[in-house]
1. If you check Arg79 against the conditions, is it within 20 Å of the chain's Cα centre (by Cα), among the basic types (Lys, Arg) and part of a helix (DSSP H, G or I)?
2. Suppose the filter is surrounded by 10 or more Cβ atoms within 10 Å (Cβ to Cβ), of a type in the set (Ser, Thr, Tyr) and assigned to a helix (DSSP H, G or I); does Ser5 pass it?
3. Determine whether Asn54 is under 16 Å from the mean Cα position of the chain (by Cα) and modelled with pLDDT of 85 or more.
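The values are calculated or read from the model by the stated rules, or taken from the named source; none is laboratory data. This structure is a prediction, so every number in the text was calculated from the model and none was measured. Quick reminder, even Gly has a Cβ in these numbers, built from the backbone with ideal geometry, and neighbours come from all protein chains shown.
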Amino acid sequence: MQVLSEKIANIETKVRELALKMERLQQENAALAEENRRLTDELAAVEKRVGELNSTLAQRQHNEKIEGAQDAGMSKKLRKEIDQYIKEIDQCIDWLQNA
């Protein structure tokens, strides 16, 4: 009879230990779930910021292309004007030498 009561006591002890272990695991699970939620929120915020920065970068690159094209057009125009002035100066030099 005592053997049976010892086995029952042993089973009760193991059930209590198992219940404590289950409680610790549930607490750990809750903490990990909270950390996971927090990290998910952080990741979403970082991804949003990356998207904003990519958009800003694309806009700036687009603006630089436009400005580059405008600068190239302006350079060509200025080059033509300078060439015209050089021709006029050469003509003036020729007139002065022939006069």
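1. On the way: within 20 Å of the chain's Cα centre (by Cα): no; among the basic types (Lys, Arg): yes; part of a helix (DSSP H, G or I): yes.
Criteria not met by Arg79.
2. No, not satisfied.
3. Numbers: under 16 Å from the mean Cα position of the chain (by Cα): yes; modelled with pLDDT of 85 or more: yes.
Yes: the conditions hold for Asn54.
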